[in-house]
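Working notes, beginning with the structure itself.
The values are calculated or read from the model by the stated rules, or taken from the named source; none is laboratory data. Because the structure is predicted, anything quoted here is derived from the model rather than measured. Virtual Cβ from ideal backbone geometry, glycine too; neighbours counted across all protein chains shown. SASA here: full protein model, heavy atoms, side chains in, ligands and nucleic acids out. Shrake-Rupley method; radii C 1.70, N 1.55, O 1.52, S 1.80 Å.
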Amino acid sequence: MRLRIILLTLSLLALVSTAAGAMYYYYSLRESAVAQAHRQAASRAQMLTNQISGFLSQNQKPAAALASLHEMQQALLNPRDDEALDQANAVLDKFQRTLGVDVCYLMDATGLTIASSNRKSADTFVGHNFSFRPYYQNAIAGKVAKYLALGTTSKKRGAYYSHPVRGPGGGPPIGVAVIKAPIRLLEKTVIQPGEGVTLLVGPHGVIFSTSRPQWLSHTLWDAPLEEWEAIARTRQFGEGPWPWTGLTRRGEHLVVDQKGREYLFYAAPLAIFPRWRVVYLRDMAEVVRGAWQPFVRTTGVAVLGLCLFAGLSVYFLYRKASQEILRRRVAEQDLRRSEERYRGLYHNTPALLHSIDTSGRLVDVSDYWMEALGYSSQEVIGRRLTDFLTPESRRRAEQEVLPGFFRQGFCKDVSYQFIKKDGSVVEVLLSAIAERDEAGRIVKSLAVLSDVTTLKRTEEELRRAQEKLSQHSRDLERQVRQRTREITSFLRYTPAVVYMKDAQGHYVMVNSRFEEMCGLDTEQLWGKTVQEVFPPAVAAQFQANDQRVLESKRPYQVEERVPHGGEEYTYLSVRFPIIDEGGQVSRLCGIMVNITDLQRAQEKLRRLSGSIMASQEKERNAIARELHDELGQVLTALRMDAVWLRRHLEGADAKAQARAENMCAVIDQTISEVRGIATRLRPPALDDLGLVDALEWHTAEFERRTGIACVFTHAQVPPVGDTIAIAAYRVAQEALTNVARHSGASNVDVALRSDDGRLELSVVDNGAGFAAERLSEREGLGIAGMRERASLAGGELSLRSRPGQGTEVILRLPLDQPRGGVH
């Protein structure tokens, strides 16, 4: 019994030990698998980033070559020339076929597409304006640009490569050449379904390309409404919607989807596209499953064998074998995928690639090589490379280049001439490296050829352009001499004072009028500062105004007073800076016009206008008194006689009594109208009660007469002098008259208030409004009169109006004038 208990105990202990060892091994294996998965995911993300960056950079040089072609320049310079457009379209078609891209097109300086390789398709770009695209904005500013987006016209994803097109003489860009490459080739060769999920994520987290198609055009993270609006504004990823993938971050390298499935998360920035990232996800369940399955198989062997030591031995051997097989399998799969990607890149890269063996025979050529030279694979594989060269290039290759290459293992920028199948010659630059075996012996080469035929043609065109530029320079020199003579004559005979200073304030150029103003000649003024030429007060005035121009780097206009010849003269001075290429002020120029006589004439005219308006007010006051005192009394007496006559005819003559009654009514109406005229000429409330009551009476009378709702408000208005009161009252009267005559308004607000020593009157209506700058002289007389009254009272009047938005008249007057004054 004891033996059985001991055996049972030992068995249990063995079972527990085995189970504990198995659990420990399982968790150790799981942690090891997770750590290895982290390393593989990080390495995988970086490798994908490098591959995608290389793929997306391949069309930049073709875009530069396209932009440099003469046909592109001619199409932009002559957009109405059908022949120039046909030649440009032919070049675009050739680039599109050669590169295997979606479309090549040309935009003018406004962003309008004028030529395109898809001009005959339903979704042609011709006639469409893409000036909102960043690749256009950067290129037209003179920068090379790359851009990933969903096409607004074709609705296809693509990589855009843009390059500025400059005119024959250089200078600013006159247009933009663009190559749009498809994303499908990237997805076919790099972003493929397999172990893990690969994502190409753009700004705002939108997935632009992925190995999981159902996540395309989704947002990686849950985006708020503001983020959706920002994505829509860029127009980079279509019109939406952009659903959420359901992924949520749980840590730096761990995310979980809406079903609770966890993924390893690694992201690497795409250096050539700012704010773009390559994201690699690995399903944690697959990682754990990879660790659990070996554990189950090892534990089963241990349990069935009932031998701890044998089980452990089998376990360790199996684990090592499994790890080795797994490593080999993963390595074989990676190697197979790498070879497939290499083949895809080798044959689809828009560059001429070939390999030769040690005898100089071609063993491999890229599809682009065969397409560019016009041969098939059967016609080139196995033949000597020199069979496709011109005699001169063949001699150089056999005597110099090939022997040197097989000695050194590389060559760079070797100039060759290849003969195409149609007999034409292509200029290329060849660079090659050697591929060696384990013993270090060269077995074959890998060569890259760059087609420089266009470059040679461009160099020749550049030479001719330089000759034209030399001729143009001579013409410019002649024009400069002519303009110099013209400017010298202008400076000598203009009545204005003209001068120029350097950035330190030294005079470097003055005209004869400046010499007359300061009493010095040019030799005496050269190199001096304003403090050395003018009195201190005048110099300080000039220095302060110069400083404003230097600080703001903008023109500045000001009136300046300068004494000379025993009198003080007023000048209207305009100062402006000359900015150098670095954005700094290199020269400061000034033009001064003597306006002393003009100011004196304006002052006399202002005094005359004030006298006329004062006389008008006196005349209005006199007429109002005459109407009220004389005519009013006569009408009152006449009404009394008419009333007496009506009473005496009562009962005697009904018809005569009715006539007398009508006479009374007519006289009453006349009395009312006379009183109204007298009041409008000079309201008694203005003299007896002040400006506020006068305006309140006038706005109420205006509403009664016109039927337009008129609201008058006032706040904190102190007693004002007659000059201010009359000016404010007449401006309000004229503004309301304009509202009734011209605005068609249904409501007008009149407000009177004082603030900071100033009285402000505003009249605002909701009428039709008008364009103030288009008023004719006759139509603007009322406004001119209001401005004149404001000026005579020491204030200012502003007017704001737009068609359909009503009109606002604002009068501002100083309150510090003495009370009383001329009416």
Fraction in percent of alpha-carbon pairs per bin - 10 Å, the stretch 52-284: 8, 31, 30, 18, 9, 3, 0
Glu477 versus Ser512: modelled label distance in nm, points set 7 Å from Cα along the beta carbon direction: 3.1
Residue among Ser366, Phe406, Ile356 farthest towards the positive dipole end of the stretch 352-458, charges placed on Cβ: Phe406
Dipole moment magnitude, nearest 20 debye, the stretch 52-284 about Cα centre, only Lys, Arg, Asp, Glu C-beta charged: 340
Under 12 Å from the Cα of Lys501 - aspartates and glutamates, other chains or at least 8 residues apart: Asp546
Whole-percent carbon and sulfur share, accessible surface of the stretch 352-458, 1.4 Å: 49
Straight-distance crosslink candidates among lysines, where the alpha carbon sits under 16 Å from Lys143 and sequence neighbours closer than 8 are dropped: Lys61
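If I take R0 = 25 Å and measure r between the Cβ atoms of Arg464 and Asn78 in this structure, what FRET efficiency does the formula 1/(1 + (r/R0)^6) give, to the nearest 0.05? Display every interim value, and only then the final one.
Values: r = 18 Å, r/R0 = 0.73.
Once rounded, the FRET efficiency stands at 0.85.
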20 Å Cα-Cα threshold exceeded, pairs from Lys120/Lys155; Lys156/Lys180; Lys94/Lys180; Lys94/Lys468; Lys120/Lys420: Lys94/Lys468; Lys120/Lys420
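Please sort 701-714, 198-211 by packing, taking for each peptide the average over its residues of neighbouring beta carbons within 10 angstrom, highest first. Walk me through the numbers on the way to the answer.
Numbers: 701-714: 15.1, 198-211: 21.5.
With the highest mean Cβ count within 10 Å placed first, the list reads 198-211, 701-714.
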The stretch 690-823 - Kirkwood radius from inverse mean 1/r over Cα pairs (Å): 15.0
Where the stretch 352-458 is the region considered: accessible area per residue in Å², 1.4 Å probe: 53
Rg/Rh for the stretch 494-594, where both radii come from Cα atoms and Rh is the Kirkwood radius: 0.94
Computed magnitude of the charge dipole of the stretch 86-188 (debye, nearest 20; Cβ of K, R +1, Cβ of D, E -1): 320
Cα-centred dipole magnitude for the stretch 20-153, charges only on beta-carbon of K, R (+1) and D, E (-1), debye, nearest 20: 660
